[in-house]
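All of the numbers you see were taken from the coordinates with simple rules; none came from a lab. On a predicted model such as this, the values are computed, not experimentally measured, just so you know. Cβ coordinates were reconstructed from backbone atoms using ideal geometry, including for glycine residues, and neighbour counts include every protein chain displayed.
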Amino acid sequence: MSRDLQLAWRHPDEAVLTVAFFALVASLFPLGIGAEPQLLARIGPGVIWVGALLAAFLALPGLFAADYADGSLEQMTLSPHPALGWASGKIAAHWIVSGLPLTVLSPLIGLQYGLTPDTLAVEAASLLVGTPVLSLLGGACAALALGARGGGMLLALLALPLFVPILIFGAGAAEAQATGLSPAPHLSLLGAGLIASAVGLPWAVGAAVRIAVD
Amino acid sequence: MNWFYFSSPSTFYGLAGRLAPPSFILAAVLAAAGLYLGLGVAPTDAQQGAVYRVIFIHVPTAWMSMFLYFVMACYCALTLVFNTRLSAMMARAIAPTGAMFTFVALWTGAFWGRPTWGTYWVWDARLTSELVLLFLYFGYMALANAFEDPRRGDRASALLAIIGVVNLPIIYFSVQWWNTLHQGSSVSFKGTSMHVTMLAGMLVMSFSAWMYAIGATLVRVRAVILERERRAQWVRDLGAA
């Protein structure tokens with residue numbers, strides 16, 4: 001994990017690109033749909049979530065591709081360290097360079113959409129819990145699609161349907177807060193999703209990488 | 001008795017060839033009986049009129065869409081755990097039929113929803129999760145065929161299918177967990193809230209769908225076996241004969 005972070009730190013353009021993409025997508029909607037304040041406040045939470053989801057998705061192909069190409073992935077599977085360890089490490093590194101910056105930036109984007117402060121807080125909280133799940137699910141799909149024909153499109157077909165529940169609950173939390181309901185059920189479900197996927201998916205990522213390098 | 005006799009593609013090829021035609025015949029007979037019961041005998045519903053009769057297609061296909069995914073995932077688990085060849089071929093053979101049933105369930109649901117709910121599609125929990133199931137089938141098939149080495153496609157797609165199993169309980173319980181437009185089930189092991197001929201028609205149609213799924217899977221698995229084993233001696237002998 002520290003190696004991945006170091007690599008990301010030395011080439012910060014990729015993380016910056018992810019964040020810039022997120023900000024751009026979020027800014028396209030007011031321009032395309034119209035800038036009435038009520039409309040923006042209504043669609044804001046959903047747009048931010050879709051933007052975060054797409055940004056996390058676009059960062060996926062790079063998660064394993066370079067290590068697969070230069071053989072370090074194979075070295076990792078041969079190393080004495082358990083697959084669970086380095087798989088979790090790589091996913092955590094992916095989240096730190098994609099999910100975390102988006103979470104930090106989301107209140108700023110939310111302000112552009114005229115969301116109220118407590119909605120902003122719930123939105124950021126839902127992103128904080130939800131984006132790691134995206135990294136975990138996406139990591140498993142990226143590992144499965146290593147070396148497959150049809151690269152990016154295939155990855156989209158695999159990952160995006162699995163992202164759907166996270167999107168629903170994530171956007172639902174901020175939505176509920178904005179309409180005066182409690183966001184707690186949505187956040188609890190997201191948290192349950194995070195725990196379940198944190199337990200199961202690093203193992204699946206390890207298995208998928210093993211299949212890929214065999 | 002050797003339980004593993006038919007786990008070899010060459011022996012299963014013959015068995016599948018013998019089992020497929022009776023399955024199709026049974027499917028056709030049951031479908032004729034089920035449609036007669038459903039369209040001719042079953043009484044018209046007091047609230048929905050004749051529109052409800054779409055359930056004779058909709059419910060069996062929806063059941064099969066989930067059940068086939070479960071069967072496919074079981075074959076996938078066998079593939080990953082025991083590294084068997086035939087189980088992966090069976091999983092590949094099931095997927096298109098499962099996707100077809102999922103699509104028909106969504107399609108007939110849309111045609112039922114138009115006169116009853118007033119809309120073809122709503123973003124209801126059950127409809128959304130069933131749509132996700134359709135994309136899982138598509139993703140499985142795409143991933144299985146995305147590699148030069150078919151064995152790698154088998155194992156990668158098997159893992160994907162197993163991850164996707166999470167979706168099945170979501171579909172099944174969605175009408176209880178979320179209070180949305182799609183109504184709950186009228187059938188349970190404790191009894192039913194339906195007229196008895198309606199239930200009979202639906203069950204007969206379900207068995208018909210089941211038989212069709214078995215027949216279609218067996219025919220397809222024969223094609224997969226031939227394609228995979230085309231360099232094996234027994235397939236060459238088959239071609240020469």
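Quick notes on this structure:
- Shielding by partners, peptide A:140-151 (average Cβ within 10 angstrom, other chains): 5
- Candidates A:160, A:146, A:28, ranked by Gaussian network fluctuation over chain A, Cα under 10 Å, top entry: A:28
- With each label modelled as a point 7 angstrom along the Cα→C-beta vector, the residue A:33-residue B:238 pair spans 5.5 nm.
- To the nearest ten degrees, helix A:13-33 and the longest principal axis of the Cα atoms of chain A are 30 degrees apart.
- For B:182, B:195, A:94, order by how many other beta-carbon atoms lie within 10 Å, fewest first: B:195, B:182, A:94
- Segment A:2-213 - convex hull of the alpha-carbon atoms, volume per residue in Å³: 109 Å³
- Sorted by Cβ density within 10 Å, fewest first, the residues A:175, A:74: A:74, A:175
- Acute angle (nearest 10 degrees) that the helix B:196-228 long axis makes with the longest principal axis of chain B, alpha-carbon atoms: 20 degrees
- Remark: C-alpha extents of chain B on the principal axes read 63, 35, 31 Å, sorted largest to smallest.
- Across all Cα atoms of the protein assembly as shown, the radius of gyration (one decimal) and Dmax (whole number) stand at 24.7, 78 Å.
- Label-to-label distance, residue B:226 versus residue B:36, with points set 7 angstrom from Cα along the beta-carbon direction: 3.5 nm.
- Counting beta carbons within 10 Å around each of B:11, A:18, B:84 and listing the fewest first gives the order B:11, B:84, A:18.
- Compared with the dominant Cα axis of chain A, that is its longest principal axis, helix A:99-112 is turned about 20°.
- Net lengthening on full extension, residue B:116/residue B:148 (0.36 nm per residue, minus Cα-Cα): 6.7 nm
- Working from label points 7 Å from Cα in the Cα-to-Cβ sense, the residue B:18 to residue A:42 distance is 6.6 nm.
- With the convex hull drawn over the C-alpha atoms of segment B:99-241, the volume per residue is 164 Å³.
- Taking segment A:134-214 and dividing mean pair separation by its residue count, relative contact order in percent (alpha carbons under 8 Å, at least six apart): 43 percent
- Relative contact order [Cα under 8 Å, 6+ residues apart], chain B, whole percent: 36 percent
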